[in-house]
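Worksheet: the structure to be examined is printed underneath.
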Amino acid sequence: IEIWSSSSDPDQAEAACVNANREGILPRVDCATRIVQIEETELKPLESPSSNPNLLVIMIDPLSRYQLRRSLPNTWAILKLLGFVDFERYTAVGNNSGPNQAALYSGRPIDSRDGIKSSGKRSWLWDRLKSKGYITMKAEDGCVRNSNMVQSIQPRTHHGRQLHEFFCFSFDRPNCLGSKMAAEHLIEYTQQFIDAYEGISRPWAAFVSFVDSHEDTLTLASYLDGMLAEFVQSIPRNTVVLFTSD
């Protein structure tokens, strides 16, 4: 039996996996997540009234508007029903995820593929919100250790960092982790984050990224449809929700 934990301290671990490998039987992987709440004393003082809205950024990487409508018709229908606004002039500024995510989350593009890791003076959105008293989270549902995407710099948010190696535990079935899709784990973790802090008088900001459409067939993204359609309808009212891609 192989056991993996996201922290050496079991009381602080937010993710864990067990791999039961018996001779002659296919390995069985089971994983679970949770949120270990941050103590109020560890948070920055609120600089604005607690009525400030929450922020939820959902990135599906990479997906065009038209592919979103084709692959996620139920999610698209829910977005239209809820009155989401389409920013038609939103567009890419670079050839890949690095410069586009850098521009989206910091307001500044990068000039080289490695620039996102060497941009020490860059001010990331989650860092700015954290300094204003927001509780923050940033996570994605992929096992990418060496790339120019934002997750490779391991953003210093309150939650999400422990999931950086979580999706690398068992990669025998791409887009899956144990009996669940990787996206299911990420949505579940995000819902746990929202539930943990929804009852307190402090806003939160969550940045979640799905990399399921990063493949050539353009079919795996469709597996997100039911999950996202249901998830979007459960988001608290006092929340600004942004659907985006890079």
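Of all residues in the range 1-34, count the ones that are open to solvent by 30 Å² or more (accessible area, probe 1.4 Å), modelled with pLDDT of 85 or more and either among the hydrophobic types (A, V, I, L, M, F, W, C) or at positive phi (or both). Of the residues in that region, 5 qualify. The residues in the range 80-101 that are open to solvent by less than 100 Å² (accessible area, probe 1.4 Å) and outside any loop (DSSP other than H, G, I, E, B) can be counted, and the count is 5. Among the residues of the range 164-194, those that are modelled with pLDDT under 80, in contact with a Ser or Thr (Cβ under 9 Å, 6 or more places away or on another chain) and open to solvent by 10 Å² or more (accessible area, probe 1.4 Å) comprise Cys176, Gly178. When residues in the range 175-212 are screened for being under 28 Å from Asn96 (Cβ atoms) and of a type in the set (Asp, Glu), 2 of them pass.
Scanning the range 65-76 for any residue that is hydrophobic (A, V, I, L, M, F, W, C) and either at pLDDT below 90 or farther than 26 Å from Val241 by Cα (or both) turns up at least one such residue. You will find that of Ala32, Ala77, Ala13, the residue that is in a strand (DSSP E or B), within 24 Å of Gln191 (Cα to Cα) and small (Gly, Ala, Ser) is Ala32 and no other. Counting the residues of the range 125-142 that are more than 12 Å from Leu56 (Cα to Cα), of a type in the set (Lys, Arg) and in contact (Cβ under 8 Å) with a residue 12 or more places away in the chain gives 2.
The values are calculated or read from the model by the stated rules, or taken from the named source; none is laboratory data. It should be emphasised that the depicted structure is a prediction, and the values quoted were computed from it without experimental measurement. Positions of Cβ are backbone-derived with ideal geometry, glycine not excepted, and every protein chain shown enters the neighbour counts. Quick note on the areas: whole protein, heavy atoms, side chains included, nothing else; ligands and nucleic acids left out. Shrake-Rupley method; radii C 1.70, N 1.55, O 1.52, S 1.80 Å.
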